[in-house]
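All remarks here apply to the structure that follows.
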Amino acid sequence: GAVELAKLVVETIEKSPSGPLQYAYDKEMPIKEKIAQLCQRVYGAGEISYATLAEKKIKQIHALGIDNYPLCVAKTQYSFSSDAKAFGAPSGFELKVRDIVINRGARMLVVIMGEMMRMPGLPASPQALHIDLVNGQIEGLS
């Protein structure tokens with residue numbers, strides 16, 4: 001069934017291809033304006049605040065001349081806000097930018113909002129933490 005499904009997907013895409021990629025912001029805007037537009041248009045945020053580390057990264061990004069890199073947002077999956085306890089789709093809230101990770105190879109900036117695990121799917125305590133070598137024997141593997 002997967003081959004038939006794949007053929008139908010390709011056929012559908014060929015019949016009505018999507019238009020050009022449209023960002024929620026103008027790529028040539030200053031980075032803070034891009035973040036504000038993205039957060040307000042997509043997440044419904046009101047104010048945007050920046051931690052000291054994020055402010056330093058913004059200066060570094062500008063100095064490197066990579067302000068035009070697209071944005072990727074990393075935040076809690078539980079809410080549109082950066083507060084994991086604010087369930088659903090609140091609006092007018094403050095989004096807190098904690099850090100901005102520069103991914104030069106991927107040519108994108110990852111805006112880190114709030115506290116979250118950036119590798120979803122891993123438990124808070126991965127099994128690798130429980131594996132050890134004791135007297136030449138591996139322990140912690142089942």
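The values are calculated or read from the model by the stated rules, or taken from the named source; none is laboratory data. All of these numbers come straight from a predicted model, not from anything done at the bench. Every residue, glycine among them, receives a Cβ derived from its backbone with ideal geometry; neighbour counts consider all protein chains shown.
Consider only pairs whose beta carbons are under 7 Å apart and that are at least six residues apart or on different chains; among these, list those whose first residue lies in the stretch 121-142 and is β-branched (Val, Ile, Thr) and whose second residue is surrounded by fewer than 10 Cβ atoms within 10 Å (Cβ to Cβ) and in a loop (DSSP other than H, G, I, E, B).
Taking only residues 6 or more apart or on different chains, the pairs are 131/141.
Identify, please: which residue in the stretch 75-118 is crowded, with 18+ Cβ neighbours inside 10 Å and in contact with a Lys or Arg (Cβ under 6 Å, 6 or more places away or on another chain) and is, among those, farthest from residue 44 (Cα to Cα)?
Top of the filtered list is 100.
Go through (1) touching a residue at least 12 places away in the same chain (Cβ under 8 Å); (2) in a loop (DSSP other than H, G, I, E, B); (3) within 24 Å of residue 117 (Cα to Cα) one by one and return the number of the condition residue 28 breaks.
Exception for residue 28: condition (3).
Given the criteria at positive phi and in contact with an Asp or Glu (Cβ under 9 Å, 6 or more places away or on another chain), does residue 140 qualify?
In short, yes.
Cβ-Cβ below 6 Å, separation at least six or inter-chain, first residue in the stretch 73-99 and small (Gly, Ala, Ser), second outside any loop (DSSP other than H, G, I, E, B): which pairs?
That search, which allows pairs on different chains as well, returns 74/110; 74/112; 82/95; 82/96; 82/113; 86/79.
Name the residue, out of 18, 81, that is among the polar types (S, T, N, Q), under 19 Å from the mean Cα position of the chain (by Cα) and modelled with pLDDT under 90.
Within the list 18, 81, the selection yields 81.
In the stretch 31-68, what count of residues is obtained for those that are assigned to a loop (DSSP other than H, G, I, E, B), over 21 Å from residue 106 (Cβ atoms) and not charged (D, E, K, R)?
So the first thing to find is which residues in the stretch 31-68 are assigned to a loop (DSSP other than H, G, I, E, B), and the list is 44-47, 51, 65-68.
With the extra rule that they be over 21 Å from residue 106 (Cβ atoms), the set shrinks to 44-47, 51.
With not charged (D, E, K, R) added as a condition, the list becomes 44-46, 51.
Residues that pass the stated criteria total 4.
Quick one: how many residues across the stretch 36-72 are of a type in the set (Val, Ile, Thr) and either crowded, with 19+ Cβ neighbours inside 10 Å or touching a residue at least 40 places away in the same chain (Cβ under 8 Å) (or both)?
4
Mind listing whichever residues of the stretch 32-56 are closer than 13 Å to residue 99 by Cβ and in contact with a Phe, Trp or Tyr (Cβ under 9 Å, 6 or more places away or on another chain)?
Residue satisfying the conditions is 35 alone.
Take the stretch 69-95 and flag every residue that is within 12 Å of residue 111 (Cβ to Cβ) and outside any loop (DSSP other than H, G, I, E, B).
71, 72, 73, 74, 95
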